[in-house]
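One structure below.
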Amino acid sequence: MADDDAQAGDALVDEARTALAAELCELLGDAVAETHIQPGQNLWVRIDFEHWHTAMQSLRDAGFNYFGFLSAIDWSDAPEGRYEDTEFDDTFDDDDASSSTAEQTVRHGGGEARFELLAHLHAPTRHQAIIIKSDIPDVDGAPAAVPTITDVFDGADWHEREAHEMFGIHFEGHPNLAHIYLPTEFEGHPLRKDFPLLARAVKPWPGVVDIEEIPPELEAQLEAEVMAEFEASGAAG
């Protein structure tokens, strides 16, 4: 039992990622605002916004030259709240619900801004990966312009276009921020929390079904018909 406890304790210490975090802090210097390690899973490094582009260059030159993805998160709450409750909401008490919500909204690596950038980089020769994040400052209710990293990673082109289309984040210097999914004249950014999901105000989410009970007289009639068919099939046999 003691050996099991020791192994569990060792699992919470990720020496490789701890060493990598220290290495990246030394490499990036003041650009690093905070780091967070999920033992056995991920290393998160939060970069100050003004260092986003230069940090990406430094990481690429340090061997993290495989670009995985770039995206964003809108951490704000939807102004309308939830559209409907489900049968599962009553299975948790208030303490469980608040705990679950808190766990689901943890910002790995810290940060408090509404909009957040995320990028996943991998160092193929070292077999190590990191998630870089940065809080985007708010400018008059909209996210500040972000310097493009398409000159650092060619693969960022499509991802920045998607983030621009879905979140309204402008990537300064990007060669072509044209829509990928939506018509050019489409207004709004669907992945922002304040984007109204009008269709859901009319039609509930899939899986949330309001089942209407069968009237007693119809239920009795159906039961009689089923029994009659059963008896007829038994007689025929």
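The values are calculated or read from the model by the stated rules, or taken from the named source; none is laboratory data. Given the structure is predicted, the values throughout are model-derived calculations rather than measurements. Virtual Cβ from ideal backbone geometry, glycine too; neighbours counted across all protein chains shown. Remember, those area values only see protein heavy atoms, side chains included, never the ligands or the DNA or RNA. Shrake-Rupley method; radii C 1.70, N 1.55, O 1.52, S 1.80 Å.
Quick rundown of the values:
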item: From the options Gly68, Gly63, residue that is in contact with a strand residue (DSSP E or B) (Cβ under 9 Å, 6 or more places away or on another chain), in a loop (DSSP other than H, G, I, E, B) and touching a residue at least 60 places away in the same chain (Cβ under 8 Å); result: Gly63
item: Test set (1) open to solvent by less than 50 Å² (accessible area, probe 1.4 Å); (2) at pLDDT below 95; (3) in a helix (DSSP H, G or I) - Ala21 fails condition number; result: (2)
item: Any chance Pro124 is closer than 22 Å to Trp75 by Cα and over 16 Å from the mean Cα position of the chain (by Cα); result: no
item: Filter result (free of Cβ contacts under 8 Å to residues at least 40 places away in the same chain and more than 16 Å from Leu182 (Cβ to Cβ)) within the stretch 155-169; result: Asp157
item: Matching residues in the stretch 136-152 - criterion: being in a loop (DSSP other than H, G, I, E, B) and touching a His at 6+ places or on another chain (Cβ under 9 Å); result: Ala144, Ala145, Thr148, Ile149, Thr150, Asp151, Val152
item: Verdict on Gly63 being on the phi > 0 side of the Ramachandran plot and modelled with pLDDT under 95; result: no
item: Every residue from the stretch 162-178 that is open to solvent by 50 Å² or more (accessible area, probe 1.4 Å) and under 27 Å from Asp77 (Cβ atoms); result: His170
